[in-house]
2 protein chains.
Amino acid sequence: MKRTEPIEMGRVIAPKSLVLIGASEDYAKFGGRILHHLVDHGYEGQIYPVNPKRSDVLGLTCYPSVADLPEIVDLALVAVPAKALADTVEACGKAGVGACVIITAQLGEFSAEGAALERRIVEIARSYNMRLIGPNCMGMIVPQANLALSSTPTLRYAGQMRKGGVAFVSQSGAMMGTLFLQSHDHGVGLSGMVSIGNQADLELCDFLEAFIADAETRVVCLYIEGLKSPERFRELCLQAHAAGKPVLAVKAGRTEAGSQLAKSHTASLAGSYSAFEALCRDCGVVLLDDPDAMILAAGVISANPRPGRTNTGLICASGGGAAIMADQLASRGLSAAPFAAETQGRLEQDYPATHANNPLDLGGHKGGLEFGIFERAIESVHADPETGLTAYVMTPQPMMPQTLDHVIEVWRRQGKPVVLVLNLSRFGAEQRDQAFAAGLPFLTRTDDLYRVLQVYRELSTMSPRVQMPERPADLSAPTIEATGFLTEPEAKAILAGYGVSIPAATLTTTVEAAVEAAESCGYPVVLKGVVGDVVHKSDLGLVKVGLADAEAVRAAFSDIVGAIETAAPGAPVRIDVQQMIPAGVELIVGLTREPGFGPQLVLGAGGIHVELLRDVVQRRAPLSSEDVRDMLQDLRIWPLLDGARGQAPMAVDAACEAISRLSWLGDDLGDRLQDFEINPFRITEDGAHALDGRGTLS
Amino acid sequence: MKRTEPIEMGRVIAPKSLVLIGASEDYAKFGGRILHHLVDHGYEGQIYPVNPKRSDVLGLTCYPSVADLPEIVDLALVAVPAKALADTVEACGKAGVGACVIITAQLGEFSAEGAALERRIVEIARSYNMRLIGPNCMGMIVPQANLALSSTPTLRYAGQMRKGGVAFVSQSGAMMGTLFLQSHDHGVGLSGMVSIGNQADLELCDFLEAFIADAETRVVCLYIEGLKSPERFRELCLQAHAAGKPVLAVKAGRTEAGSQLAKSHTASLAGSYSAFEALCRDCGVVLLDDPDAMILAAGVISANPRPGRTNTGLICASGGGAAIMADQLASRGLSAAPFAAETQGRLEQDYPATHANNPLDLGGHKGGLEFGIFERAIESVHADPETGLTAYVMTPQPMMPQTLDHVIEVWRRQGKPVVLVLNLSRFGAEQRDQAFAAGLPFLTRTDDLYRVLQVYRELSTMSPRVQMPERPADLSAPTIEATGFLTEPEAKAILAGYGVSIPAATLTTTVEAAVEAAESCGYPVVLKGVVGDVVHKSDLGLVKVGLADAEAVRAAFSDIVGAIETAAPGAPVRIDVQQMIPAGVELIVGLTREPGFGPQLVLGAGGIHVELLRDVVQRRAPLSSEDVRDMLQDLRIWPLLDGARGQAPMAVDAACEAISRLSWLGDDLGDRLQDFEINPFRITEDGAHALDGRGTLS
């Protein structure tokens, strides 16, 4: 019965048949709870309960073991104790099961023993061409197949799943339960949710791929602790982008504290968050900070057309609320810009000119209240040509049912997105039912409104890197023989090989040679002591700048000889005499390697700004000149480069060109790269120069 | 019947009798809705309905007019149309009413005509010693008096008000309705809520004072659009701080967009948000960005003892949730630091060492689940000596009722705060009821948890300025005769009078005089052209620095003469020859006046940092040297002053002394101050010097 080919992913998320090992009728037991959920939610495939002690459960024929099933099934749900796990997986493999959903936990995330067992079941599964989901997962919920294959009690609470376009792939099972609840209670329609646990076999990308291919799915949400295959992730997300399916993600490990917890949770090495951020930017993934907000944002996006512009028309029923929301939007750089003159004119039929604002307080109308006023206002704001979407924040107000009906009617009639916020706490039961019936998802807090508007803005401005840049025609791959910690001359030799400008320099060992070198390169000059693996040369007195004549060079030479003796007693005297580059804007340019994520180029503000601003951007190398320019423009110090306050602009083109060329070094070194850094990289009005370099290669 | 003295504020918020003009039984009508709310919520004082067409309503005797009432009443509710307003207020005044709550809107916030009527009713009220609340308000809700004097339909929804320690004074009536709802649905007990509308007579500070004096009130929340009396506000908030009653505030007008809306809403001039922020810091008020979050935070604080430390023990039931929360806390600088070794030891009975973390995922225990595990974990975390409060974030999990009961039991037993988050959406009905019954307020989103922890941190670190500093004994108040735009020498003369160091300087009109001045002060020198109201002197070529000899001085003099002719044709040649101060860290030091808020001292990073960092702090002048040091430490560039990266520290003491002395200038100038600025104020290793100054005085 061994399968000749693994099951297709489309059938994993929408299986035609299931075997449930340890099925029971008792809702208090795991196997009973799942069976109830499957039956209650009307799963249409075949369910095979396995329980040697029973002939039937909940009206379904029961089988004594997996070996006794009358057909080859797609999925098996396995929640046996660890000691029975290997045998159960083996039995499933023998029976030709397509994939096992392994709930059993306390494996790889728990102990070395558990990790060994985890590896063992993967081997067994592979030997039968069977796939595994989990272990340490909580199953899946796939509304489009009426499949409630999870023990989360929220499935009983939600009598009927809401079908729709939002998929969720989660490394946390409990989070799947929470987001199922949030989606249900906010009218978010789902295509499917999968809990992937430790990803021993099938991993996040397998399900991401399946949901991108799935016709029902319009938006994919991800909760990630550790990414197993960044390169595949990149390709899939670019596919999703091309298919017009936004991918939203929350990732643990933004801080050291979060990384530690992700590791103990699903044995995931969180990896560098900054490399993940860079990856997301490259492939058009929107990162959020809160999982609940992610599923709600996805619901709003999936139920609406794409806005033509992100300027928002905001309607509420509280003057104070309008003022606070205006502050919140403005402080996030979100736009609720004035309405078009024609809209303003229409609003002024019912509102004084001082009150016909965006955000609009419905209550600020002239004279007494009649329903036509709200109706006309909603109509006018929603038709406004300056705004690409309408947000309606409902707090307790007069005529709530009629007003919301009108919002829904206008939303249906016009092809413009509506973001509805029912800030009514439990009071708004009737309004929630109206929205549920209309299929209009809603938010309940303005925090989430701001997040949704930020997501819309990001979706409208993102430009994924569909193709990696081409290597400059004149850039060969120089042979680099140095290993270990590179001295400044070694690092600079590499830079020169990549066409990065470095100040003219002569390595000297005597004071007379130094003076001669200085005379030949022209004053003023810089002297630098060259000592093994010293990083902060200046702090050790190994650097003397602005030496204007021979006398100054002699004095500096002598000082540096003393400093070398202090820093590295017995080290040979090797002093670099360098051309002095005029003042400019300093950057730090670094290359690092993040396993799986490829070489990373890090650009940061240099000099005193390093500590004050922590002004850093990171992207995957290699990068084109245009990519580098984008990165520079994302730095807070960009105005200094661009000629702030009427000063001359710096040689940005030369800097972009040099950094782009350097970015190929990351590619060329491959695994040999540990780190490489230019600090400072000085950009002047006339050029861009690496004043110092260091690195470690293996 | 005219009152000889105004009614006491304690009786305004808890009146013994009320007159309701236009009372009816019809819930659809305003006067009916209010009457129903009053009766339904069991107001214990005397209600006098007035309606000439009825002999009784809802079983209460009805009176034909205010003049016919059998006693002098405390409060009258007035919601008549604008055209009847003056007569109604007059009738109330004649009847000796203590205060009118004026719902009528479209007055000062609406039109010049409305503003005139608003002034008129204030005059009428004053003539009878009667107070007014509003107009354009929505009444008040005072649970301690069972007083539901508002038309907000949320009062009917909330069958029973929750009594407790949170007071709310709001410039927005609709916001009062929304926050009443939020408080009710999150178990927040209220002492009272007042909507103050346009503050034509009684204003925010009157109610703030009343609630500080009120025995039931433990925390006061404020929603502010414009503050009428900042000085009184300061004194009251200091009183509240001394009484251990935290004051939380949300203020509209943080941005230009919000200021505009606040103005059209309640005719409030929002004033400078930065001056308000400075005021809040001085008097110990915690500012929040979201009104809903404010009332929930107040609920948590009012129901708990003050935490001894703000390090938080966090419990949840999701490994993914724990990781995300750890990230969110760390990125906000909030602390969920490791538990004490003894706590760790206790947790390791049930949890592997890798999982006994803070935040603790209850689900990460060893072996199978029994209830004792959760119970012991909650017990251990709550008893942890390293943490000052416990946060419990409940998402769908096993054994929810029992677990929450245990959390409540532990909270009752121990004197340590518990912040409960029921992130269960509508699913958690039973848990909410458990919390309601226990009197434990709860949050529903982690966004609010982070805000609550930030409020706790702020409360624990705040140090209000109880006393203004004393004037330095040696600082006289120099006579300042200059008016209008001050030239650099005029500004510097003022600075010198306040003991601020300025570089030695000689004003010259000829090149020979300039050379002579330079010789006498010593090279290098700076030359500056002095021209009327020019601000950016450098950009116009009026400043030449680093002049090393007589030749350089001559060349610079000639260049500046040309620049003066360009900048101000025909202006006399006046060139300042100044001692050159060595490099250092540059600040901008400014004095401004904010009407009502007193003189404001603004300190900011100078030089290129002005635009890059927008690194500015503002406080009310005058300031002591210690105050100035606090401000400097709040700047992001503080490390540069403090000797970052092994560099020599700058002369911070001298800088604090100089800035403190300058801060008295704001006081001394009073209303004459328009603005005054030192830019740059250069702090070197040896001293602190005003290199340039300007100002405008009237």
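The values are calculated or read from the model by the stated rules, or taken from the named source; none is laboratory data. Small disclaimer: the values here were computed from a predicted structure and weren't measured. Here Cβ is always computed from backbone atoms with ideal geometry, including for glycine, and neighbour counts include all displayed protein chains. Quick note on the areas: whole protein, heavy atoms, side chains included, nothing else; ligands and nucleic acids left out. Shrake-Rupley method; radii C 1.70, N 1.55, O 1.52, S 1.80 Å.
Details
- Selection over segment A:124-163 of residues that are crowded, with 22+ Cβ neighbours inside 10 Å, touching a Pro at 6+ places or on another chain (Cβ under 8 Å) and in a loop (DSSP other than H, G, I, E, B) gives a count of 3.
- Residues (part of a helix (DSSP H, G or I) and either under 23 Å from B:V585 (Cβ atoms) or hydroxyl-bearing (S, T, Y) (or both)) located in segment B:654-688: B:A654, B:A655, B:C656, B:E657, B:A658, B:I659, B:S660, B:R661, B:L662, B:S663, B:L665
- Count of segment A:285-333 residues which are within 16 Å of A:G388 (Cβ to Cβ) and facing chain B (nearest Cβ under 10 Å): 1
- Only residues that are over 49 Å from the mean Cα position of the chain (by Cα) and crowded, with 20+ Cβ neighbours inside 10 Å were counted across segment A:557-586, and they come to 1.
- Among the residues listed as B:D634, B:D671, B:D627, the single one being in contact (Cβ under 8 Å) with a residue 40 or more places away in the chain, of a type in the set (D, E, K, R), farther than 17 Å from B:A583 by Cα and open to solvent by 40 Å² or more (accessible area, probe 1.4 Å): B:D671
- Among (1) buried (at least 23 other Cβ atoms within 10 Å of the Cβ); (2) more than 14 Å from every other protein chain (Cβ to nearest Cβ) - the single one A:D448 does not satisfy: (2)
- Positions within segment A:179-196 being in contact with a Lys or Arg (Cβ under 9 Å, 6 or more places away or on another chain) and either more than 7 Å from chain B (Cβ to nearest Cβ) or buried (at least 24 other Cβ atoms within 10 Å of the Cβ) (or both), in sequence order: A:L181, A:S183, A:H184, A:H186, A:G187, A:V188, A:G189, A:L190, A:S191
- Residue in segment A:340-350 that is within 22 Å of A:L453 (Cβ to Cβ) and in a loop (DSSP other than H, G, I, E, B) present: yes
- Per the conditions (1) at positive phi; (2) in contact with a Pro (Cβ under 9 Å, 6 or more places away or on another chain), the sole criterion not satisfied by B:G244 is (2).
- Matching residues, segment A:197-207, being open to solvent by less than 10 Å² (accessible area, probe 1.4 Å) and out of contact with any strand residue (DSSP E or B) (no Cβ under 6 Å at 6 or more places or on another chain): A:G197, A:Q199, A:C205
- Residues that are closer than 16 Å to A:G670 by Cβ and either at pLDDT 90 or above or in contact with a strand residue (DSSP E or B) (Cβ under 9 Å, 6 or more places away or on another chain) (or both), drawn from segment A:476-487: A:I480, A:A482, A:T483
- Residues of segment A:589-615 that are part of a strand (DSSP E or B) and within 14 Å of another protein chain (Cβ to nearest Cβ): A:G604, A:A605.
- Meets criteria (part of a strand (DSSP E or B), open to solvent by less than 10 Å² (accessible area, probe 1.4 Å) and closer than 21 Å to B:L459 by Cα) for B:V220: yes
- Pick from segment A:103-123, criterion more than 14 Å from chain B (Cβ to nearest Cβ) and touching a helix residue (DSSP H, G or I) at 6+ places or on another chain (Cβ under 7 Å), ranking: surrounded by the most Cβ atoms within 10 Å (Cβ to Cβ): A:I121
- Picking from residues in segment A:616-649 that are under 24 Å from B:I608 (Cβ atoms) and assigned to a loop (DSSP other than H, G, I, E, B), the one that is farthest from the other protein chains (Cβ to nearest Cβ) is A:P649.
- The condition of being crowded, with 23+ Cβ neighbours inside 10 Å and part of a helix (DSSP H, G or I) holds for only one of A:I212, A:I301, that being A:I301.
- Qualifying positions in segment B:536-580 - without any contact (Cβ under 8 Å) to a residue 60 or more places away in the chain and among the β-branched types (V, I, T): B:V543, B:V545, B:V553, B:I560, B:V561, B:I564, B:T566
- Considering only residues in segment B:164-178 that are of a type outside the set (S, T, N, Q) and not in a strand (DSSP E or B), the one that is surrounded by the most Cβ atoms within 10 Å (Cβ to Cβ) turns out to be B:M176.
- Enumeration of residues in segment B:172-210 that are of a type in the set (S, T, N, Q) and within 25 Å of B:L443 (Cβ to Cβ): B:S172, B:T178, B:Q182, B:S183, B:S191, B:S195
- Within this structure, B:A67 fails the test of being touching a residue at least 24 places away in the same chain (Cβ under 8 Å), in the same structural domain as B:L132 (by TED's automatic domain parsing), under 18 Å from B:M140 (Cα atoms) and open to solvent by 10 Å² or more (accessible area, probe 1.4 Å).
- Elements of type helices (runs of 4 or more DSSP H) contained in segment B:360-443, each with 1 or more residues being more than 14 Å from every other protein chain (Cβ to nearest Cβ), touching a residue at least 12 places away in the same chain (Cβ under 8 Å) and of a type in the set (K, R): B:371-383, B:400-413
- Whichever residue in segment A:323-335 is surrounded by 23 or more Cβ atoms within 10 Å (Cβ to Cβ) and aliphatic (A, V, I, L, M) and, among such residues, is nearest to A:H365 (Cα to Cα): A:A323
- Every residue from segment A:287-296 that is surrounded by 24 or more Cβ atoms within 10 Å (Cβ to Cβ) and either hydroxyl-bearing (S, T, Y) or touching an Asp or Glu at 6+ places or on another chain (Cβ under 7 Å) (or both): A:A293, A:L296
- Of the residues making up segment A:536-559, those that are touching a helix residue (DSSP H, G or I) at 6+ places or on another chain (Cβ under 6 Å) and under 17 Å from A:T509 (Cβ atoms) number 5.
- Looking only at segment B:339-359, residues that are open to solvent by 10 Å² or more (accessible area, probe 1.4 Å), facing another protein chain (nearest Cβ under 10 Å) and within 41 Å of the chain's Cα centre (by Cα) come to 3 in all.
- Residues located in segment A:57-102, provided they are within 14 Å of chain B (Cβ to nearest Cβ), among the basic types (K, R) and touching a helix residue (DSSP H, G or I) at 6+ places or on another chain (Cβ under 8 Å): none
Quick grid of which residues meet (1) in contact with a strand residue (DSSP E or B) (Cβ under 6 Å, 6 or more places away or on another chain); (2) of a type outside the set (S, T, Y); (3) at pLDDT below 95:
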{"residue": "A:A336", "(1), (2), (3)": "yes, yes, yes"}
{"residue": "A:T343", "(1), (2), (3)": "no, no, no"}
{"residue": "A:H365", "(1), (2), (3)": "no, yes, yes"}
{"residue": "A:L389", "(1), (2), (3)": "yes, yes, no"}
{"residue": "A:Q397", "(1), (2), (3)": "no, yes, yes"}
{"residue": "A:H406", "(1), (2), (3)": "no, yes, no"}
{"residue": "A:P417", "(1), (2), (3)": "yes, yes, no"}
